[in-house]
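Asker: The structure follows.
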Amino acid sequence: MASFKPTKVQFLPKLGEKVTEETLYWKNYKSPVQIKEFGAITKIDFSPLPPHNYAVTASTRIHIYGPHSQEPIRSFTRFRDTAYGGRFRGDGKLLVAGSEEGLIRLFDISGRVALRQFKGHSKAVHMTSFLSDGFRVVSGSDDLSCRVWDVPSAVELSSLTQHTDYIRALAPSKLNPDLFVTGSYDHTVKVFDMRSGSSVMTMQHGHPVECVLLYPSEVLLVSTGGRYVKVWDLLKGGQELVSLKNHHKTVTCACVSSVGNKLLTGSLDRHVKVYNSSYKVAHNFDCDASILSMAIAPDDEALAVGMTNGVLSVRHRRHQKDKETLTSRRRRGPSYQVFVKGKNFAPRQDDFLVSKPVKQYLRKYDKQLKSFEVSKALDTALQTWTRTSKPDVTVAVIIELNRRGTLKNALAGRNEEILLFKGFLHVKCVCVCVDLYQQVFHESPVVERLLQRLMEVLGREAELQQELLQVLGILDTLFTSLTPRKEVAALAAPPVAFVMLIDGVMKAKKIII
Amino acid sequence: MVEQSEVRVVRCGGSKINLRPPIISTDSRFVLCASGDSVKVYSTRTEEWLHSLQGHTNQVTGITLNPANHLQVYSCSADGTVKLWDFIDGILIKTFIIGYPLFAIYVSEKHDGIVFLHIAMDTDSKNECFQLVAVHLPKSAEQEVEAKELSAVSSRISPNPSCTAFGREGQYIAFARHLQLNVYFFRKQKTYSFSLKATDKKGAKNAFTCIACHPADDCIATGHEDGKIRLWRNFIHTKEYTYSTQHWHHNAVNTVCFTPEGTNLLSGGIESVLVQWQYGAGNRKEFLPRLGGSILHVSTSSDGQLFCTSHSDNKITVIESSFKVCGVIQGLVKGDAVLTDLMIDPRSKALVLNGKPGHLQFYSLLRDKHLYNLDIVQQEYIYEAGLDQFEVVKAAFDIKGYWLATVEERGQKSSDLEFSLKLWAYDERTQSFVLNTTITAAHTDRIMSMCFSSSEETTMLVTTAEDGQFKAWCQGADADTQQDQNFWSCDFVGSYHNLKPTNCSFSADSSLLAVSFQEVITIWSPDTWELLTTLCQPPGVVRDLCFGQLSCSKYLIATTTRNLLCCWNLLTCALEWSTSVEVSKLQPDPLSENVAAFSYQSKHTDLFVFKPNEPRPLFTHKNVCSEKMHRAVFVPREEPLNNCDESSQWLNRSQLYFLTQNMDLLTFSTATEEDRMLSSSKRLVIDDSVAVTPFYLLLGKHRQQQQKLNTPSHPAADKPQQPQGSLTCLLLSFPSLFFPPEMEMESSEQEMNSEKEEEHSEEEMEACDSQQELRAQGSVDEVTPKLSKAQERELKRVRKTDFSWMAGLIDSKP
């Protein structure tokens, strides 16, 4: 006796989606933890020291969170106006932050009150950072100047005014304590050398620069601004290596992962994109609001994203260990233990093993199909959750009903809601629907609108088909003229890619419409 | 002509086992079923075919256990004989010649020595009118007896044998025809008939389809075309009869059957669900769904422990009384038509063709055994008349048997055709094919033909479709999806002047691909996909296309619809020869240069075997069969024959099998081969008289040895287990019909040997007792003094059986 064969859900491969190790790596993050802050989060910085706490700058305060805590373990609230750009020193013990009023404050991680205050900027300081020797602080301000401060004496060492607009991006070199890179709204990125006291390199980004970033090797420099992400090669004198345009709104932040040095960019279009080493998008994280800041923990343990609505979303890496503990905990449940007595029993060599029949678990719609409850099965398949998140299941059930010749019965006696399903566009189904509800169509404006839309979609599809055929015709003539043979024997075949494209379109048309 | 007669057409294996209800032996060890012109005996436990009872010369149309001896079986056949067999040893005991084609057989315990047979009314045999006759089987010791004592019980009965059934203790016989139920009472010699209206209020069809009688109660269960089951009672009176209706089946009930105690009623129909109704408990029922094809017959063993259902897909299912399937006996599945060609799996050398709906079956021709079904469609099969089902329409193996390509199709009747191309890879671990790639829209229209390339290095599949294109499919990376390497994707699309391609074929070394576009044959190079040349021989569309093999690989042979068989030489690109012959099927032999062509002319099919390099046929066989022939295949032999005969030489490397339109699988065989087969089958009969089980190997031999020891002085007898002792001579005088069952004899023997002196007196006493009893009976019965010889013998038998039974009691007492 054969068992019931469940409905086969047709799995269509998504074109363009490539499953590589990289995407698997980036998919391996848990669902994000959301922490609400008081205002837009402008800067996130991870401490370089092992617990890898991170400082979140939002509104008038800087919070420091532990790697897994939802509550701040420390907060610096002594700002009179909006705080900007809170960053750790290389040893993770000091924190520097700018502010709207132009004051730069230096905090001890364990203290509460500012250890030093650097006064001198006349406008808001959006970017501050320690230089890699740890004794100097560099800041970029809206007063077009870039200043370097001495930490022990709290005096200004130098002031560089080479930009012609607000300085909103700053990155110190980690290898050389005298180098840092700034990006400004005047569309330029400049590399400064403290030893010469002026910029040594200038690159034209072409858009207001929102963020600059140095790769760990400090050969490559990334600048973001507008919709573009540009990578510059510093060893070749600032030659543009690549220009990426994968976001459709301003790219506000960028960071480099510590495993494999992959570039991540966040944008106001609410996406974080991960690029592989050939600068193709390997993965994409979706967020709820426009992204202002982003940071990734050492070893990629966590990815923190700050958004305009003040929500900090932290994704932690999923570990093999976590999974194991989860399953083992589940396995230790009492009921299971009761039922599987002697599960540790090892059969001896001449024992005859009698295997238990494996119970077949069926989905709800399959159970209903098994008992020939076609209408109920369609109900199940049309549940809101199924039809929004798994439209292929709904389509599969409809196809199955059609195969059983009971689609008409299942569709009868329904209200207009059924037609609101977007994937509900299987040819046969629409035909049956039209057959069934022809008389009452005009009574519902919703359905009429839907039909209108369907007609538009079909029209567009037909146009597209026509265009494709035209292209095919052009190609055909090209190919025939290219063939050296004299006799015109056959229509030369178009390249496979095009045929596949046409096929794909045909298939899509058949399945979706 | 002498040489030609040596090769003849032979029907080979795979005959229907579901024509008549199977029967289970009393000890539940064997299942017997009518299969072609023989009765096959299967083991219920191992599902193995043990042996077959061969002797009929035409289709066996009915089998039934001998009610007088449960180790014997009656079979009737369309050749007009009833034969009595010992089915355990496979020995023909007796043949009764009736003289008319027989269609069914019934027996009843009450009617000893009488069998009831269906024969066609000789007045108008075309009208499918049948009559039921009772035949008194004469008791003579001869092997062949003519039974001429026919007495008609009823005329104008239904041709369906399941529409006739014996009632309680053989008192009456019920038969139904169309809308009428007739009950014939033997004692009153009267027929009562009850009829139903053609349709009831709801418009259901009321015609009878099957009938069963309760074994202990006066109740008849009838199945109807609309799926209802009616239970008739009180039919002793013509007027006051009653019936109750039960309805579960949604289509015609094919069979109803009471269990031997009458506690349950089993029914089955097209839905392939076995339903068990509790007798007298209203609507309480149990189901056993998804048994396979539609249920045609149900039978039960005499102890009610086993049920047997036979299905339309040539299958017998053995079911325990707890409603669990415990065995499946599968024959060659024959659907309505073979849509795929006959194919040979290069790995297992099994014949592959359409099996169950949506499946491909693998059938071993050597062992005449169904190997397995491969589920192609992988969807729940709904048994419903008129439903458009997915069917496997095309299938092809690559040369190593590593890949299998299938096309399934649905909606041939309606306008919207659904089809998909599937590619299956052979999995060494599971020893079966595993789905690798599914291509849902391989073409925009129906796929006409497909073939794999014949080279061993690269595997390529070419499909031609009605949309005017042919496509080449290769295994490899798809640029768009970029998945694993071993999926299949399209490599090339070709077309020719918007003509519809029909056939495709690769040359023996895969360096050329021939695709026929209606009248034109195009030759392509699969490496560069360049059109090399075109060949054309109008008029007539190309119907079949194949390349020559081995040394003739430079030839391309094609047949056209306008009765033309053409052969081109591809080196000169010119027509080598052509001949005017209507060829319905062209089949090249992969192991030799030979090509077989079946031609259909003036209502019979002829076979020509030729080599492409010479236009004269190598071998001709006129009048192979009377139907048109579309499917044929060359099956490579296990070991090549070494016939030197010119006419049978072409059969040396491989054997030609073909399938006629009414699904008979036939083959050509030579005389020497048949001799060999015959000798081997004889050897089989001697060896495998008992089921070869491990127990048999241990115990059977032991028993044989014992027997030898026990009977050193007795001469060899024709019966395998010769009774000995004082009863032997008495028993030997009996006709074999009255042989007591094996077990009883053994017990009496033992008793004979063991009880020597002590019980001798008791024994005699018992004997006296029984004789007294008999005498007492006799005094009641007036006729006793003039007992006929047969009756006397019967009495003796009764005495003997009683005797052993008593002896058993005595044994147990102390």
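The values are calculated or read from the model by the stated rules, or taken from the named source; none is laboratory data. Here the structure is a predicted model, which means the values were calculated and not measured. Heads up, the Cβs are rebuilt from the backbone with ideal geometry, glycines too, and the neighbour counts pull from every protein chain shown. Note: areas computed on protein heavy atoms with side chains; ligands, DNA, RNA excluded. Shrake-Rupley method; radii C 1.70, N 1.55, O 1.52, S 1.80 Å.
Asker: Within region B:635-658, which residues are closer than 28 Å to B:Leu339 by Cα and either open to solvent by 10 Å² or more (accessible area, probe 1.4 Å) or not in a strand (DSSP E or B) (or both)?
Answerer: To start, the set of residues in region B:635-658 that are closer than 28 Å to B:Leu339 by Cα comprises B:635-638, B:650-651, B:653-658.
Within region B:635-658, B:Val635, B:Pro636, B:Arg637, B:Glu638, B:Trp650, B:Leu651, B:Arg653, B:Gln655, B:Tyr657 meet the criteria.
Asker: Can you tell me which residue within region A:370-392, out of those that are open to solvent by 30 Å² or more (accessible area, probe 1.4 Å) and in contact with a helix residue (DSSP H, G or I) (Cβ under 7 Å, 6 or more places away or on another chain), is modelled with the lowest pLDDT?
Answerer: Step one: of region A:370-392, the residues open to solvent by 30 Å² or more (accessible area, probe 1.4 Å) are A:370-373, A:375-376, A:379, A:383-385, A:387-392.
Narrowing further to those that are in contact with a helix residue (DSSP H, G or I) (Cβ under 7 Å, 6 or more places away or on another chain): A:375-376, A:387.
Values: A:Ser375: 87, A:Lys376: 89, A:Arg387: 74.
The extreme case among them is A:Arg387.
Asker: Which one of the conditions (1) open to solvent by 20 Å² or more (accessible area, probe 1.4 Å); (2) over 31 Å from the mean Cα position of the chain (by Cα) does B:Thr437 fail to meet, given that it meets all the rest?
Answerer: (1)
Asker: Here's another thing I want to ask about it. Between A:Pro67, A:Pro48, which is within 25 Å of A:Glu210 (Cα to Cα), more than 14 Å from chain B (Cβ to nearest Cβ) and either assigned to a loop (DSSP other than H, G, I, E, B) or not β-branched (Val, Ile, Thr) (or both)? Before you say what the answer is, go through the steps one by one.
Answerer: Numbers: A:Pro67 fails: within 25 Å of A:Glu210 (Cα to Cα).
Sole residue among the options that is within 25 Å of A:Glu210 (Cα to Cα), more than 14 Å from chain B (Cβ to nearest Cβ) and either assigned to a loop (DSSP other than H, G, I, E, B) or not β-branched (Val, Ile, Thr) (or both): A:Pro48.
Asker: Test B:Leu353 against the stated conditions and say whether it is modelled with pLDDT under 90 and closer than 24 Å to B:Cys12 by Cα. Let's see the steps before the verdict.
Answerer: Details: modelled with pLDDT under 90: yes; closer than 24 Å to B:Cys12 by Cα: yes.
So B:Leu353 fits the description; yes.
Asker: Just to be sure I understand the filter: pairs with C-beta atoms under 6 Å, separated by 6 or more residues or on different chains, first member in region B:488-505 and within 13 Å of chain A (Cβ to nearest Cβ), second member open to solvent by less than 20 Å² (accessible area, probe 1.4 Å) and in a loop (DSSP other than H, G, I, E, B). Which pairs pass?
Answerer: Close Cβ pairs (under 6 Å, with a partner that is open to solvent by less than 20 Å² (accessible area, probe 1.4 Å) and in a loop (DSSP other than H, G, I, E, B)) amount to B:Ser495/B:Gly468; B:Asn498/B:Gly468.
Asker: I want to confirm something. Restricting to region B:361-400 and keeping residues that are under 24 Å from A:Lys370 (Cα atoms) and aliphatic (A, V, I, L, M), which single residue is modelled with the lowest pLDDT?
Answerer: At the first step, the residues of region B:361-400 found to be under 24 Å from A:Lys370 (Cα atoms) are B:373-392.
This time we only want the ones that are aliphatic (A, V, I, L, M), so: B:374, B:376-377, B:382, B:385, B:387, B:392.
Working: B:Leu374: 88, B:Ile376: 88, B:Val377: 86, B:Ile382: 78, B:Ala385: 68, B:Leu387: 78, B:Val392: 89.
By that ranking, first place goes to B:Ala385.
Asker: How many of the residues in region B:76-91 are open to solvent by less than 10 Å² (accessible area, probe 1.4 Å) and assigned to a strand (DSSP E or B)?
Answerer: Count: 5.
Asker: Quick one: is A:Ile73 in the same structural domain as A:His271 (by the TED database), surrounded by fewer than 21 Cβ atoms within 10 Å (Cβ to Cβ) and not in a loop (DSSP other than H, G, I, E, B)? First the steps, then the outcome.
Answerer: Numbers: in the same structural domain as A:His271 (by the TED database): yes; surrounded by fewer than 21 Cβ atoms within 10 Å (Cβ to Cβ): yes; not in a loop (DSSP other than H, G, I, E, B): yes.
So A:Ile73 passes the test.
Asker: Another question about this same structure. If we only count strands (runs of 3 or more DSSP E) wholly inside region B:302-375, which ones have 3 or more residues that are open to solvent by less than 10 Å² (accessible area, probe 1.4 Å) and within 15 Å of B:Leu274 (Cα to Cα)? Please lay out each step first, then the result.
Answerer: Values: elements: B:306-311, B:315-320, B:325-330, B:351-354, B:359-364, B:369-375.
Passing ranges, in order: B:306-311, B:315-320.
Asker: Just for strands (runs of 3 or more DSSP E) wholly inside region B:154-223: which have at least 2 residues that are under 19 Å from B:Glu109 (Cα atoms)?
Answerer: Numbers: elements: B:164-166, B:172-177, B:180-185, B:190-195, B:208-213.
Fully inside region B:154-223 and qualifying: B:164-166, B:172-177, B:180-185, B:208-213.
Asker: Select, from B:Tyr184, B:Tyr243, the only residue that is closer than 30 Å to B:Tyr383 by Cα and either charged (D, E, K, R) or at pLDDT 80 or above (or both).
Answerer: Answer to the check: B:Tyr243.
Asker: Closer than 27 Å to A:Ser217 by Cα, in contact (Cβ under 8 Å) with a residue 40 or more places away in the chain and not in a strand (DSSP E or B), is that true of A:Ser139? Explain how you work it out, then say what you get.
Answerer: On the way: closer than 27 Å to A:Ser217 by Cα: yes; in contact (Cβ under 8 Å) with a residue 40 or more places away in the chain: yes; not in a strand (DSSP E or B): no.
No; evaluated as a whole, the condition is false for this residue.
Asker: Given the conditions (1) closer than 30 Å to B:Leu387 by Cβ; (2) at the interface with chain A (Cβ under 10 Å from one of its Cβ atoms); (3) at pLDDT 85 or above, and given that B:Ala441 satisfies all but one, which numbered condition is not satisfied?
Answerer: (3)
Asker: Residues that are exposed (fewer than 14 other Cβ atoms within 10 Å of the Cβ) and at pLDDT below 80: which helices (runs of 4 or more DSSP H) entirely in region A:393-502 hold 2 or more of them?
Answerer: So the answer is A:427-437, A:445-482.
Asker: Tell me which residues, restricted to region B:114-137, are farther than 15 Å from B:Phe175 by Cβ and either modelled with pLDDT of 80 or more or of a type in the set (Lys, Arg) (or both).
Answerer: If the condition is that a residue be farther than 15 Å from B:Phe175 by Cβ and either modelled with pLDDT of 80 or more or of a type in the set (Lys, Arg) (or both), then B:Ile114, B:Val115, B:Lys126, B:Val135, B:His136, B:Leu137 are the ones that fit.
Asker: Any residue in region B:278-304 that's more than 20 Å from B:Ile382 (Cα to Cα) and within 12 Å of chain A (Cβ to nearest Cβ): show its pairings with residues that are open to solvent by less than 50 Å² (accessible area, probe 1.4 Å) and modelled with pLDDT of 90 or more at Cβ separation under 7 Å, as long as the two are six or more apart or on different chains.
Answerer: Once the first residue is more than 20 Å from B:Ile382 (Cα to Cα) and within 12 Å of chain A (Cβ to nearest Cβ) and sits in region B:278-304, no partner that is open to solvent by less than 50 Å² (accessible area, probe 1.4 Å) and modelled with pLDDT of 90 or more comes close enough.
Asker: Determine the pairs where a residue that is on the phi > 0 side of the Ramachandran plot, located within region B:22-44, has a partner that is outside any strand (DSSP E or B) and among the β-branched types (Val, Ile, Thr) with Cβ atoms under 8 Å apart, the partner being 6 or more residues away or on another chain.
Answerer: B:Ser28/B:Thr44
Asker: Only one residue in B:Val298, B:Val275, B:Val318 is farther than 26 Å from B:His70 by Cα, among the aliphatic types (A, V, I, L, M) and not assigned by the TED database to the domain that holds B:Ala104. Which one? Give the derivation first.
Answerer: Details: B:Val298 fails: farther than 26 Å from B:His70 by Cα; B:Val318 fails: farther than 26 Å from B:His70 by Cα.
Checking each option against the conditions leaves just B:Val275.
Asker: Tell me, which residue of region B:595-612 that is part of a loop (DSSP other than H, G, I, E, B) and out of contact with any Cys (no Cβ under 9 Å at 6 or more places or on another chain) is surrounded by the most Cβ atoms within 10 Å (Cβ to Cβ)? First the steps, then the outcome.
Answerer: Taking region B:595-612 as the starting set, the residues that turn out to be part of a loop (DSSP other than H, G, I, E, B) are B:602-603, B:611-612.
This time we only want the ones that are out of contact with any Cys (no Cβ under 9 Å at 6 or more places or on another chain), so: B:602-603.
Working: B:Ser602: 6, B:Lys603: 9.
Restricting to residues being part of a loop (DSSP other than H, G, I, E, B) and out of contact with any Cys (no Cβ under 9 Å at 6 or more places or on another chain), the top hit is B:Lys603.
Asker: Here is a further query. Give A:Ser258, A:Ser267 a once-over and let me know the one that is open to solvent by 10 Å² or more (accessible area, probe 1.4 Å), assigned by the TED database to the domain that holds A:Thr128 and without any contact (Cβ under 8 Å) to a residue 60 or more places away in the chain.
Answerer: Details: A:Ser267 fails: open to solvent by 10 Å² or more (accessible area, probe 1.4 Å).
Within the list A:Ser258, A:Ser267, the selection yields A:Ser258.
Asker: Another question, then. Please count how many residues of region A:76-108 are more than 25 Å from A:Asp143 (Cβ to Cβ), assigned to a loop (DSSP other than H, G, I, E, B), open to solvent by 40 Å² or more (accessible area, probe 1.4 Å) and of a type outside the set (S, T, N, Q).
Answerer: Residues in region A:76-108 being more than 25 Å from A:Asp143 (Cβ to Cβ), assigned to a loop (DSSP other than H, G, I, E, B), open to solvent by 40 Å² or more (accessible area, probe 1.4 Å) and of a type outside the set (S, T, N, Q): 3 in total.
Asker: Of the residues B:Leu150, B:Leu132, which single one is closer than 21 Å to B:Ile114 by Cβ, in the same structural domain as B:Ala104 (by the TED database), open to solvent by less than 10 Å² (accessible area, probe 1.4 Å) and not acidic (Asp, Glu)? Full working, then the answer.
Answerer: On the way: B:Leu150 fails: open to solvent by less than 10 Å² (accessible area, probe 1.4 Å).
Unique residue meeting the criteria: B:Leu132.
Table: residues versus (1) without any contact (Cβ under 8 Å) to a residue 60 or more places away in the chain; (2) in contact with a Ser or Thr (Cβ under 7 Å, 6 or more places away or on another chain); (3) not hydrophobic (A, V, I, L, M, F, W, C).
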{"position": "B:Val135", "(1), (2), (3)": "yes, no, no"}
{"position": "B:Ala141", "(1), (2), (3)": "no, no, no"}
{"position": "B:Leu150", "(1), (2), (3)": "yes, no, no"}
{"position": "B:Arg156", "(1), (2), (3)": "yes, no, yes"}
{"position": "B:Thr164", "(1), (2), (3)": "no, no, yes"}
{"position": "B:Gln171", "(1), (2), (3)": "no, no, yes"}
{"position": "B:Arg177", "(1), (2), (3)": "yes, yes, yes"}
{"position": "B:Phe185", "(1), (2), (3)": "yes, no, no"}
{"position": "B:Gln189", "(1), (2), (3)": "yes, no, yes"}
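Asker: So is B:Asn18 in a loop (DSSP other than H, G, I, E, B), in contact with an Asp or Glu (Cβ under 9 Å, 6 or more places away or on another chain) and crowded, with 19+ Cβ neighbours inside 10 Å or not?
Answerer: Values: in a loop (DSSP other than H, G, I, E, B): yes; in contact with an Asp or Glu (Cβ under 9 Å, 6 or more places away or on another chain): yes; crowded, with 19+ Cβ neighbours inside 10 Å: yes.
For B:Asn18, the condition - in a loop (DSSP other than H, G, I, E, B), in contact with an Asp or Glu (Cβ under 9 Å, 6 or more places away or on another chain) and crowded, with 19+ Cβ neighbours inside 10 Å - is met.
Asker: Just one of B:Phe362, B:Phe307, B:Phe323 is of a type in the set (Phe, Trp, Tyr) and away from every other protein chain (no Cβ under 14 Å); which is it?
Answerer: Values: B:Phe307 fails: away from every other protein chain (no Cβ under 14 Å); B:Phe323 fails: away from every other protein chain (no Cβ under 14 Å).
Exactly one residue qualifies, and that residue is B:Phe362.
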